[in-house]
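J.: I'd like to ask some things about the structure below.
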C-alpha cells in the first residue's frame, strides 16, 4: 500500500522511482520498505530523513524537489476549484508533522526569549563551514544579482544596495538586529562612515566578529552584543538610532512576536529614521517540517499581511521590493561552495556523511522553492513618522 501511494505521488510530478532521468530516484537495495513508509507517513519530513540516511539517490535533487512542489500546488488548486466553499479546509495541516507544528504554534510561543535560543545552534554549527559556503562576504542572506558575476559580487552589491537605499550618511548610528558575521556592519562603517551596534544570539558569530573586526571595535565604530533583541530597549532606553537593519532575522521572530519586534524597533529609532527589513516571505501554509526539525528550529516565514499588520501601528510603509529569484541563485552558489569544500570539512572531524546529506537536502530544498517562486525575498522600507516628500527610491519619471 505504501509503495503504491508513494509511486503514484511521484508519478504525478513526473518522477519515476528507478527511472533514468536526472530527477528520478534510485532506491538503495534493502531500504525500499523503510523509504516507502517514511514518505507515505511523514511526507516532506520523511523524504528528508530518507535522503539523510541514504535510502535513495538522485542526480538532480533540485529539479526533483521543484517538480514535487509544483505537483503539490496543482493538487491543491484542483481541489479548491472543485470546492471553493470549503477553501478554509485546505489551509489546515494535512500531515502528522505539519499538524504537530501547527499545534505547537497555536498553543505556545515557539520563539519566546527562552525557545528563541534554539536557532543559535544552526549558526553555531561551525565558522569553518560558513567560511567555505558563504565566501568572502560571510553573508548568510540573499544576494543582489543584477550585474553580478558571482556570489561575492552579489553579496557586496546587496550591502551597497541596503546602505544606499537607506540613505546612510557619515556620523549616523545604525542598529543591526541579527548581524551575522559582521559583513554588512563593517561595509557600512568602512564605506559610509557610520557607527554600528549589532546584536546576535550566536556565540560563534559574536566571537568571529570580535576577532575579525577588532580594530573597528577598538575605534568605537562597532559594538557587538551577544543577547536577544528584546533586551535592546533596556540597553538603549531612548530614541538612539538613525537607521535599523534587520537582514535575514525576521524569519526567527515568530507570529506571536511580530508586533513586539516592530514596537522595539520603533522605541529605539529616532523620529524620521528608517528601518530596512530584509526577510523571506511565505504563503502562510506553515513551516516545512524538515527545515523546522533539522535546520531552523522554531523558524516561521512571515506573510506580507502579517508584516503589514505588525508594522502599520508604528511605521509608515514606504516601499517594498521583491527579488525572490535572486535567492535561487544564492542558494545554488552556496551549494556549489559546500560541495567543493566538503573534503576539507570532512577532514576537520566535525562533520560526517549524514550531516553532508542533511545540508545538501536543505540547500536543494531552498533552491527549489525559490526557483519556483513559492516563497519570496522582500525588502521593506519603514519610516518613523514618514519620509518628508515621500520615499523616492526606485521611482520612475515618464516623459510626456
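J.: Taking 7 Å along the Cα-to-C-beta vector as the label spot, tell me the residue 5-residue 191 distance in nanometres, rounded to one decimal.
T.: Using points 7 Å along Cα→Cβ, the separation is 5.2 nm.
J.: Given axes a ≥ b ≥ c from the Cα gyration tensor, I'd like to know whether region 1-67 is rounded (a/c under 1.5), prolate (a/b larger than b/c) or oblate. Spell out each step's value before the answer.
T.: On the way: a/c = 1.38, a/b = 1.21, b/c = 1.14.
Rounded.
J.: Would you compute, from DSSP H runs of 4+ residues alone, the mean residue ellipticity of the chain at 222 nm, taking -39500 (n - 2.57) per run and dividing by the full residue count, rounded to the nearest 500? Provide the component values of the computation, followed by the final result.
T.: Values: 17 runs with 188 residues, N = 400.
Taking each H run of at least 4 residues, the total per residue is -14500 deg cm²/dmol.
J.: Now for a different question. If you average the C-alpha positions of region 21-72 and of region 228-292 separately, how far apart do those two centres end up, in angstrom?
T.: That distance is 36 Å.
J.: A follow-up question, please. Given a Förster distance of 30 Å, report the FRET efficiency between residue 219 and residue 316 from their Cβ-Cβ distance, rounded to the nearest 0.05. List each step's numbers first, then the result.
T.: On the way: r = 34 Å, r/R0 = 1.15.
It comes to 0.30.
J.: Ok, one more. Can you tell me which of 252, 122, 278 moves the most in a GNM of the chain? Springs connect C-alpha atoms under 10 Å apart.
T.: Sorting by GNM fluctuation, first place goes to 122.
J.: Subtract the Cα-Cα distance of residue 131 and residue 170 from 0.36 nm times their separation in residues, and report this length gain in nm to one decimal. Don't skip to the end; give the middle numbers.
T.: On the way: separation 39, 0.36 × 39 = 14.04 nm, distance 2.98 nm.
The residue 131-residue 170 span can extend by a further 11.1 nm.
J.: Same structure, new question: Under the 0.36 nm per residue contour assumption, what length would be gained going from the current alpha-carbon distance of residue 100 and residue 31 to full extension?
T.: Details: separation 69, 0.36 × 69 = 24.84 nm, distance 2.66 nm.
Additional length available on full extension: 22.2 nm.
J.: Points 7 angstrom from Cα along the Cβ direction at residue 293 and residue 152: gap in nanometres?
T.: 4.0
J.: Note down the relative contact order for the chain as a percent, whole number, built from C-alpha pairs under 8 angstrom at least six residues apart. Spell out each step's value before the answer.
T.: Values: 655 pairs, mean separation 71.7, N = 400.
It rounds to 18 percent for the chain.
J.: What residues from region 114-146 fall in the zone where the backbone N is under 20 Å from a label point 7 Å along the Cα-to-C-beta line of residue 344?
T.: 123-141
J.: Now for a different question. How high is the relative contact order of region 2-80? Use alpha-carbon pairs under 8 Å, at least six apart in sequence, and give a whole percent.
T.: Values: 85 pairs, mean separation 24.8, N = 79.
Relative contact order, region 2-80: 31 percent.
J.: Right, next: Under a plain spin-label model, where a point goes 7 Å from the Cα along Cα-to-Cβ, how far apart in nm are residue 392 and residue 70?
T.: 4.4
Bear in mind these aren't lab numbers, they're just calculated from the coordinates by the rules spelled out. Values in this document were obtained by computation on a predicted structure and should not be read as measured data. Note: ideal-geometry Cβ built from the backbone for every residue, glycine included; neighbour counts use all protein chains shown.
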